[in-house]
Amino acid sequence: MSNVHLINHPLVQHKLTLMRRKDASTNTFRTLLNELSSLMAYEVTRDMPLQDVEIETPLETMTGRMIDGKKLVFVSILRAGNGILEGMLNVVPGARVGHVGLYRDPQTLEPVEYYFKMPQEMQERDIIIVDPMLATGNSAIAAVARLKQLKPRSIKFVCLLTCPEGIAALQKAHPDVAIYTAAIDRQLNAHGYILPGLGDAGDRIFGTK
Ligand code: URA
């Protein structure tokens, strides 16, 4: 499990448990996801480089330290990834945002790209991919492969939940990509859902079921 960061802060664990409950309303689920995403943003940005910046306090000049937020790109894997964006942007408002849309071809079961929109100058940027569930890993693997074509400085992957199968698949394909997650659940079921999990993240965020 090298390169896997389990975010086990008590606030994160508490909110995640509330989200998993089947009777959590769409509104509750989305609010908690928003809060949790801000907390996860703290963890995933922990090693971000800082720049020295000369500022004036009311008393004197000093050298402060600041993140260059514009170098950071949050890439949402559609559609559930969008549920994480707002909470992350609340704490890194200067970050740019990209979107990747993938669907699974019913014949080949391979991910097919239907949407891809990124900011300019990706070679200078650090990417944080967001998707609530790292399950089979197929979408994550395809998204990382596509983003690597743009030669970004770095790529990290943030999810709420994953399972041993998802971690193994993503690490095998992209061992250089660090995975940040709030939980590693027991297993995948035959339909590619995480157990015990929280159900279909997209449906729960957008109230589509
Ligand atoms: N996607 C989801 O939304 N839930 C799962 O359990 C697995 C993949």
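The values are calculated or read from the model by the stated rules, or taken from the named source; none is laboratory data. The model shown is predicted, which means the values in this text are computed figures rather than measured ones. In this analysis, Cβ positions are derived from the backbone assuming ideal geometry, glycine residues included, and neighbour counts consider all displayed protein chains. Remember, those area values only see protein heavy atoms, side chains included, never the ligands or the DNA or RNA. Shrake-Rupley method; radii C 1.70, N 1.55, O 1.52, S 1.80 Å.
Quick one: dipole size for region 4-206, taken about the Cα centre, charges +1 on Lys/Arg Cβ and -1 on Asp/Glu Cβ, in debye to the nearest 20. It would help to have the intermediate numbers written out before the result.
Numbers: 22 positive and 22 negative charges, 99 e Å.
Dipole magnitude for region 4-206 comes out near 480 debye.
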| note | Across Asp126, Asp176, Asp105, the residue with the highest GNM fluctuation in the chain (Cα network, 10 Å cutoff) is Asp105
| remark: Residues whose modelled amide H sits under 5 Å from the amide H of His5, counting only those 5 or more places away in sequence or on another chain, are Ile179, Tyr180, Thr181
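Looking at the chain, which longest stretch skips every one of the GluC sites (Glu not before Pro) that is in a DSSP loop with at most 16 other Cβ atoms within 10 Å, leaving the sites themselves out? If you can, show how the numbers build up before the last one.
Details: sites that count: Glu60, Glu121.
The longest uninterrupted stretch comes out as 122-209.
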| said: I need the Kirkwood Rh of region 120-191: take the reciprocal of the average 1/r across all distinct C-alpha pairs and report it in angstrom. | reply: 12.4 Å
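222 nm [θ] for the chain, helices only, -39500 (n - 2.57) per DSSP H run of 4+, per residue, to 500?
On the way: 6 runs with 67 residues, N = 209.
Computed ellipticity for the chain at 222 nm equals -9500 deg cm²/dmol.
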| query | So what is the accessible area of the chain per residue, in Å², with the probe set to 1.4 Å? | reply | 54 Å²
| Whole-number D in µm²/s for the chain (Stokes-Einstein; Kirkwood sum over Cα pairs; 20 °C, 1.002 mPa s) | 121 µm²/s
| task | Mind giving me the nanometre distance, one decimal, between the label points for Glu124 and Ala190, set 7 Å out from Cα along Cα→Cβ? | result | 5.3 nm
| How many lysine pairs are close in the chain, with Cα atoms under 28 Å apart and the two 8 or more places apart or on different chains? | 21
